[in-house]
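Taking it in order: structure first as structure tokens, then the write-up.
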Amino acid sequence: MDCCYINLDSALERRLHIEQNFAACQKPGWTLTRFPAVDQADVARNGVAGAARPAEKACFLSHRMLMGQRLGDEASNLIMEDDAMFGARSCALIDGALERHGDLDWDILFTDVCIANMLTMFDLLKRRRDLAEKNIDVAVINLCDVEFAGSTAYIVNGKSKRKVHEALAACARIDLPYDLYLRRLAHGGALKIHSLFPFVTTLSDFCDESQIKSAGANPVELALNMFRRMIWRERNLQRGRSAVEAFRKAWCRAEPPVNVAGADEEMSAFMALFSSMAAIRG
């Protein structure tokens, strides 16, 4: 698998982190290439039209330009932002899933995605538990009617690269962030977008300092990021629970810890997260 990550020239720490992480987890046949990200100065200099913020335009253009450089063959590519993170089994899980689902009709296959709807999050937790009971490592979920966000890591089907690039090139004005534009294409049926589940990559700590978000911590985004890490296939549940408790103390000071009678460690950790999310949203 040819993996490409998008990274600003100035983001040296992120570059070092993702390259070290990949080197520790990669398997034979997997490669990693850096793509220099478009920056806000490029956006201003070229007068890029649209209602999206300059950083969002730069992100959109980076993904589109990277994809445009990979049209010479039909090899599938894993495209990442520089706050993506591999686990020890990520490469093997992806290879195995692609082999098992060889008949699936797809254009884009996320390896990790943001889910912002709490009902969907409950459903995914149940599905993760059901898959674990059946000893199924990874399944595929169709995102055609899911309110997803994020473009941290996804595979572009080699046979669909021109189709995906043409859909992006058709956007003369950038009015939406890149991830929400992909969601529009999925919901409208223009692209077949799915996700591996449980997620087989996750977010590094850099995601909470995203270069395309406004300054200042956003507790909702922090909570959504925690869900992504906790639902990840190679998650550390104890570490996740500790992060939830720290989050609750910082953002939900009036909320007591959640104790659900009879709940196992996994359910207890997620109920603590969900109750914290309800507190900050309510």
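To keep it simple, each residue is scored yes or no on (1) modelled with pLDDT under 90; (2) of a type outside the set (Asp, Glu); (3) over 21 Å from Ile79 (Cβ atoms).
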residue	(1), (2), (3)
Ala190	no, yes, no
Gln211	yes, yes, no
Met230	no, yes, yes
Asn236	no, yes, yes
Arg248	yes, yes, yes
Trp251	yes, yes, yes
Glu255	yes, no, yes
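Quickly run through region 111-138 and pick out the residues that are free of Cβ contacts under 8 Å to residues at least 12 places away in the same chain and assigned to a loop (DSSP other than H, G, I, E, B).
Answer for region 111-138, where residues must be free of Cβ contacts under 8 Å to residues at least 12 places away in the same chain and assigned to a loop (DSSP other than H, G, I, E, B): Lys134, Asn135, Ile136.
Yes/no matrix, rows are residues, columns are (1) touching a His at 6+ places or on another chain (Cβ under 6 Å); (2) of a type in the set (Val, Ile, Thr); (3) at positive phi:
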position: Leu109; (1), (2), (3): yes, no, no
position: Ala116; (1), (2), (3): no, no, no
position: Thr120; (1), (2), (3): no, yes, no
position: Leu124; (1), (2), (3): no, no, no
position: Arg127; (1), (2), (3): no, no, no
position: Lys134; (1), (2), (3): no, no, no
position: Ala139; (1), (2), (3): no, no, no
position: Glu147; (1), (2), (3): no, no, no
position: Gly150; (1), (2), (3): no, no, yes
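Of the residues that sit in region 134-143 and are of a type outside the set (Gly, Ala, Ser) and in contact with a strand residue (DSSP E or B) (Cβ under 7 Å, 6 or more places away or on another chain), which one is surrounded by the most Cβ atoms within 10 Å (Cβ to Cβ)?
Only one residue tops the list, namely Leu143.
Among the residues of region 111-133 satisfying the criterion of being closer than 20 Å to Asp95 by Cα and out of contact with any helix residue (DSSP H, G or I) (no Cβ under 7 Å at 6 or more places or on another chain), which is surrounded by the most Cβ atoms within 10 Å (Cβ to Cβ)?
Among residues in region 111-133 that are closer than 20 Å to Asp95 by Cα and out of contact with any helix residue (DSSP H, G or I) (no Cβ under 7 Å at 6 or more places or on another chain), the one surrounded by the most Cβ atoms within 10 Å (Cβ to Cβ) is Val113.
Looking at this structure, is Leu78 of a type in the set (A, V, I, L, M, F, W, C), in contact with a strand residue (DSSP E or B) (Cβ under 6 Å, 6 or more places away or on another chain) and closer than 23 Å to Cys114 by Cα?
So Leu78 passes the test.
So if I check each of Leu32, Leu104, Leu98, Leu66, which one is under 24 Å from Ser195 (Cβ atoms) and either in contact with a Gly (Cβ under 9 Å, 6 or more places away or on another chain) or part of a strand (DSSP E or B) (or both)?
Leu32
Given the criterion outside any helix (DSSP H, G or I), in contact with a Cys (Cβ under 7 Å, 6 or more places away or on another chain) and surrounded by fewer than 20 Cβ atoms within 10 Å (Cβ to Cβ), identify the matching residue among Ala172, Ala190, Ala217, Ala149.
Going through Ala172, Ala190, Ala217, Ala149 in turn, the sole match is Ala149.
For Ala279, work out the one condition from (1) touching a Cys at 6+ places or on another chain (Cβ under 6 Å); (2) modelled with pLDDT of 85 or more it doesn't fulfil.
Failed condition: (2).
If we keep just the residues of region 175-187 that are of a type in the set (A, V, I, L, M, F, W, C) and either touching a Lys or Arg at 6+ places or on another chain (Cβ under 6 Å) or within 16 Å of Cys59 (Cα to Cα) (or both), which is surrounded by the most Cβ atoms within 10 Å (Cβ to Cβ)?
The qualifying residue surrounded by the most Cβ atoms within 10 Å (Cβ to Cβ) is Leu182.
Among (1) among the polar types (S, T, N, Q); (2) modelled with pLDDT under 95; (3) within 23 Å of Leu203 (Cα to Cα), there is one condition Asn46 misses while meeting the rest; what is its number?
Tallying (1) among the polar types (S, T, N, Q); (2) modelled with pLDDT under 95; (3) within 23 Å of Leu203 (Cα to Cα), Asn46 fails exactly one: (3).
The rows are residues; the columns are (1) β-branched (Val, Ile, Thr); (2) crowded, with 18+ Cβ neighbours inside 10 Å.
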position: Gln20; (1), (2): no, no
position: Lys27; (1), (2): no, no
position: Thr31; (1), (2): yes, no
position: Pro36; (1), (2): no, no
position: Asp39; (1), (2): no, yes
position: Val43; (1), (2): yes, yes
position: Gly50; (1), (2): no, no
position: Ala58; (1), (2): no, yes
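The values are calculated or read from the model by the stated rules, or taken from the named source; none is laboratory data. Remember, predicted model here, so these are calculated numbers, not experimental data. All Cβ positions, glycine included, derive from the backbone under ideal geometry; neighbour counts span all protein chains shown.
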